[in-house]
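Everything on this sheet refers to the single structure shown next.
Nothing in this text is a laboratory measurement; each read-out follows from the coordinates by a stated rule. Bear in mind that the values here come from a model prediction, so they are computed numbers and not experimental data. In this analysis, Cβ positions are derived from the backbone assuming ideal geometry, glycine residues included, and neighbour counts consider all displayed protein chains.
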C-alpha cells in the first residue's frame, strides 16, 4: 500500500500531462491541420496550426513560417482577409525566403484593392521563386 501511495502522485501527474503533450506535437498538429483544411474544416485547421505557432520556441523557423502561411490560407478560405494578411506577414517575417507567403499576401492585398502592396509582394515572391502563383496585373 505504501508503494502505491508513493506512485499515486506520479501517476496523477502523468495522467494530467499526457493530454497536454499530445496537443503539443507539431507533426501531428501539422498533419491534422492539413487534413482538416483539405476537408474544408477551416476552424479545426486553424486550431491545429495555432497550436504549432503557440509552441513556437522549439519549432524550426521554416516550419513556424509554414504554419503561419497555412493558417493564413485557412483564414483566406473563410474570407477573413485581414487575419490572413497578418499571418502571411508573420510568415515572411519568420522566413523571408518563403515565396508562397509573399504570393498569398499579394493575392489577399488584391482582394482588398491594395494594388501597390500586391505588386510589391508579387515582385518579392517572383524574385525568390519564379514559379510561385501571384496575381496578374493589367
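Things to note:
- For region 45-92, taking the residues that are without any contact (Cβ under 8 Å) to a residue 24 or more places away in the chain and not in a helix (DSSP H, G or I), the one that is nearest to the chain's Cα centre (by Cα) is identified as 60.
- Total residues in region 94-109, condition more than 16 Å from residue 135 (Cα to Cα) and over 13 Å from the mean Cα position of the chain (by Cα): 2
- Residue check, residue 36 more than 14 Å from residue 107 (Cα to Cα) and part of a helix (DSSP H, G or I): yes
- Applying the set (1) farther than 18 Å from residue 68 by Cβ; (2) surrounded by 16 or more Cβ atoms within 10 Å (Cβ to Cβ) to residue 94 leaves exactly one unmet item: (1).
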